[in-house]
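Below is one structure; the comments refer to it alone.
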Amino acid sequence: MTDRVEVSAEVVGTPEELWPLLTSGPGISAWFMPAEVDAEAGTVRHRFGPGDDEVSDGTIVAYEPAHRFAYAEEWAPSEGAEVIASTTEFLIEAVSGATSLVRIVSSGFGTAGPDAQRQAESTAAGWTQALRVLTLYRSHFPGRPSASLRAWGHSTRPIVEVWSALVDDLGLTGAAVGDRVRAGGDAPPLAGQVTAVADTGMTLLVDEPAGGVASVIAADFGDRRGMVVDIFWYADDAADLVAEQAPAWEKWMSAR
């Protein structure tokens, strides 16, 4: 069991170009989740669900422009569980004139044991999925306005069952990298190409109903599993599209 996980990806852009995407609220919101960053006050807030309790607050502990951004948080993976002090670092270094290596390092998962192991694995999977979104955004939609929606649900079933049910309900069972897919059943309109498939995650380069990226994931959060569909649209009317589509996706997820 390690108390530290690291994931990385080569992303189009110089460290100076990528820095705002890793250190500002609008930037982080374009590829990870809704975020607020106040560099002057030294605070970071992420909103990972619709409720007032579905937020995490952090304190900025490193701010080295175009190189390193880090923040510390305290949180509990489930009610009554041990409070965990964790740190997340975003590091950037130039690879060539056109790309940079973005590394995300997370540490602090509590004491050794199955819960800490699951949390470390879930954290690594989540950041890997987020970096896939960032990579596609920079490769296909650089500089375009962004807006996103999140359909979020919980389950107490084993993670493998949660994932299987989620992709089955979306009509994505058996989808492989390179496949052209379309959400089925009663899911809202969504179509595109599969760009990555993991044990409990899938990424789509979306072209219907607009250009963007969809991230489908099942994650382990202590005593509950999370089912998440994140859709990032990159277009002038992205915010209008979110306002139009978000209620349908929330209704779809609540029915699960």
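Among the residues of the stretch 165-183, those that are of a type in the set (Gly, Ala, Ser) and either within 21 Å of His154 (Cα to Cα) or touching a helix residue (DSSP H, G or I) at 6+ places or on another chain (Cβ under 6 Å) (or both) comprise Ala165, Gly171, Ala183. Tell me, yes or no, whether the stretch 237-246 has at least one residue that is touching a residue at least 60 places away in the same chain (Cβ under 8 Å) and assigned to a strand (DSSP E or B). Taking every residue of the stretch 237-246 in turn, none turns out to be touching a residue at least 60 places away in the same chain (Cβ under 8 Å) and assigned to a strand (DSSP E or B). Of all residues in the stretch 175-188, those satisfying the criterion of being over 13 Å from Trp252 (Cα atoms) and loosely packed, with under 12 Cβ neighbours inside 10 Å are Ala176, Val177, Gly178, Arg180.
Selection over the stretch 87-105 of residues that are exposed (fewer than 15 other Cβ atoms within 10 Å of the Cβ) and of a type in the set (Val, Ile, Thr) gives a count of 1.
As a summary of the residue check, Ser139 satisfies the conditions (1) modelled with pLDDT of 95 or more; (2) outside any helix (DSSP H, G or I) except for the one numbered (2). Output yes when any residue across the stretch 34-52 is assigned to a strand (DSSP E or B), modelled with pLDDT of 90 or more and touching a Leu at 6+ places or on another chain (Cβ under 7 Å), and no when none is. No - not one qualifying residue is present in the stretch 34-52. Just one residue in the set Gly226, Gly212, Gly201 is of a type in the set (Gly, Ala, Ser), modelled with pLDDT of 95 or more, touching a strand residue (DSSP E or B) at 6+ places or on another chain (Cβ under 6 Å) and buried (at least 17 other Cβ atoms within 10 Å of the Cβ); that residue is Gly212.
Quick one: how many residues across the stretch 6-26 are within 16 Å of Tyr71 (Cα to Cα) and of a type in the set (Gly, Ala, Ser)? Quick ask: steps written out before the conclusion?
In the first step, residues of the stretch 6-26 are kept if they are within 16 Å of Tyr71 (Cα to Cα); the result is 6, 19-25.
Now narrow it down to the ones that are of a type in the set (Gly, Ala, Ser): 24-25.
Selection size over the stretch 6-26: 2.
Working only within the stretch 3-33, note down all residues that are of a type in the set (Ser, Thr, Tyr), part of a helix (DSSP H, G or I) and over 12 Å from Tyr137 (Cβ atoms).
Going residue by residue through the stretch 3-33, those that are of a type in the set (Ser, Thr, Tyr) are 8, 14, 23-24, 29.
Those left that are additionally part of a helix (DSSP H, G or I): 23, 29.
Across the stretch 3-33, the qualifying residue is only Thr23.
Applying a threshold of 9 Å to beta carbon distances and a minimum spacing of six or more residues, or different chains, the list of pairs starting in the stretch 198-211 at a residue that is in a loop (DSSP other than H, G, I, E, B) and ending at one that is among the aromatic types (Phe, Trp, Tyr) reads Asp199/Trp163; Thr200/Trp163; Pro209/Trp233; Ala210/Trp233; Ala210/Tyr234; Gly211/Phe141; Gly211/Trp233; Gly211/Tyr234.
Out of curiosity, is Ala176 over 21 Å from Trp31 (Cβ atoms) and of a type in the set (Gly, Ala, Ser)? Here the answer is yes, as Ala176 does meet what is asked. Of the residues screened, Arg225 is not one that is in contact (Cβ under 8 Å) with a residue 60 or more places away in the chain and more than 23 Å from Glu250 (Cβ to Cβ). In the set Leu172, Leu134, Leu166, Leu149, only one residue is surrounded by 20 or more Cβ atoms within 10 Å (Cβ to Cβ) and in a loop (DSSP other than H, G, I, E, B); that residue is Leu172.
The values are calculated or read from the model by the stated rules, or taken from the named source; none is laboratory data. Fair warning: this is a prediction, and the values are worked out from it, not measured in the lab. Methodologically, a virtual Cβ is constructed for each residue, glycine included, from the backbone with ideal geometry; neighbour enumeration extends over all protein chains shown.
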